[in-house]
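What follows draws every value from the coordinates through simple rules; no lab data is involved. All figures in this text were calculated on a predicted structure; none of them were measured in a lab. Because the Cβ atoms are built from the backbone with ideal geometry, glycine has one as well, and the counts that use them run over all protein chains shown.
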Amino acid sequence: MAIFTEADGDLQARAAASGVPLSVFIQEITPISIHLRVFTPTRERGESDSASIAALNYAQDHGLSADFADVVAGESTTAAQFCGGEWLLNQGVVDVQDSRADLAPLELTDVQAIQTASTARPNLVVEVPTLAALDAFQADAASISAVNRATETTGLILYTLNAPAEGPQRRVDVSFRCFGPLRGFLEDAASSNMLACLTGVLLKRGVLNMEESLFRAAQRQPGAPALLTVQYGGPQEPIWVGGTAVHGA
């Protein structure tokens, strides 16, 4: 994404000319807040967790001095905290329910568990047996949409409690992929809110160590791997998700 420090002129035209999928315009930085406008090449996005994380990293060197801050984007205000060298965003409390979804359209076999999870928009959350099964899944918009409609959900999260044997993701606690054709995208590369929903599922299943409060997750969209960090407490406490933004030229 591109970060612009001057939010003037025709922002949509500037975003279209940026040559990147997401353009973030910083309107104001104070010691405790940052105000943003976020655009794709064709429309104003309103809010984006990835944009917020990138902008917070920039703002930390340009006037934002608190470890807690508000990110104001569009009509939303999101609380952020600086934890362990990374910015995390408050995703809210997750509601989790068991599900008996028919996954035949997805051609998934040997599914381990199925739940629905939501902070606002419901997601179908499905555990697959291995990392190989997760990576081999072929995303098809029509099939995913059909399952989402049948389960009254708007997104699909596939995950496994396995990590790659090599590379930067080798020490993660969970690997996952996120899909949302009903929300306007086939697969997402860095999904904070959907990872929060997955965390709610892991809490309900008793998978997470309650003596700890952080874990790392590998999002494995083909060609665009991401590492994310989650801070959690009890099942009825807010979940925080974020990560590290790498600045380019």
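If the viscosity is 0.692 mPa s and the temperature 37 °C, what translational diffusion coefficient in µm²/s does Stokes-Einstein give for segment 198-249 when Rh comes from Kirkwood over Cα pairs?
Details: Rh = 12.4 Å.
Diffusion coefficient, whole number: 264 µm²/s.
For a Förster distance of 30 Å, can you work out the FRET efficiency between the beta-carbons of Ala120 and Ala165, rounded to the nearest 0.05? Can you show the working numbers first?
Details: r = 36 Å, r/R0 = 1.21.
Efficiency, from the Cβ-Cβ distance: 0.25.
Estimate the FRET efficiency between Ala16 and Glu152 by the formula 1/(1 + (r/R0)^6), using the beta-carbon distance for r and 35 Å for R0, to the nearest 0.05. My answer for the efficiency is 0.45. Pairwise Cα distances in segment 119-249 exceed 17 Å in 57 percent of cases.
For n ≥ 4 DSSP H runs only, could you compute -39500 (n - 2.57) per run for the chain, divide by its residues and tell me the 222 nm figure to the nearest 500?
Details: 5 runs with 50 residues, N = 249.
One gets -6000 deg cm²/dmol as the mean residue ellipticity at 222 nm.
Sorting the Cα pairs of the chain by distance into bins of 10 Å, from 0 upward, gives 7, 31, 35, 21, 5, 0 percent per bin. Largest GNM mean-square fluctuation among Ser52, Ser99, Ser191, using the chain with Cα springs under 10 Å: Ser99. When the Cα gyration tensor is reduced to axis lengths a ≥ b ≥ c, the ratio a/c is 1.5 or higher for segment 1-118, and with a/b not above b/c it is classed as oblate. Between Glu237 and Glu6, the FRET efficiency from the beta-carbon distance, with R0 = 45 Å, is close to 0.70.
In sequence order, segment 100-113 has phi-based couplings of 10, 5, 8, 9, 3, x, 8, 6, 8, 10, 6, 5, 8, 7 Hz under the Karplus curve 6.51 cos²θ - 1.76 cosθ + 1.60, θ = phi - 60°, and Gly or Pro positions carry x.
So how much slack lies between Leu214 and Asp98, counting 0.36 nm per residue of separation and subtracting their Cα-Cα distance, in nm? Write down the numbers at each step before the final one.
Working: separation 116, 0.36 × 116 = 41.76 nm, distance 2.44 nm.
Gain in length upon complete extension: 39.3 nm.
Residues considered: Ala17, Ala69, Ala226. Largest GNM mean-square fluctuation over the chain, using C-alpha springs under 10 Å, is found at Ala17. Considering only Thr119, Thr42, Thr130, the mean-square fluctuation computed in a Gaussian network model of the chain, springs between alpha carbons under 10 angstrom, is largest for Thr42. Rounded to the nearest Hz, the phi-derived 3J(HN,Hα) couplings of segment 160-171 under the Karplus curve 6.51 cos²θ - 1.76 cosθ + 1.60 (θ = phi - 60°) are 9, 8, 10, 10, x, 6, 9, x, x, 8, 5, 9, where x marks glycine and proline. Phi-derived couplings, Karplus 6.51 cos²θ - 1.76 cosθ + 1.60 at θ = phi - 60°, listed residue by residue for segment 226-243: 9, 10, 10, 10, 10, 10, 9, x, x, x, 9, 10, x, 10, 10, 9, x, x Hz, with x used for Gly and Pro.
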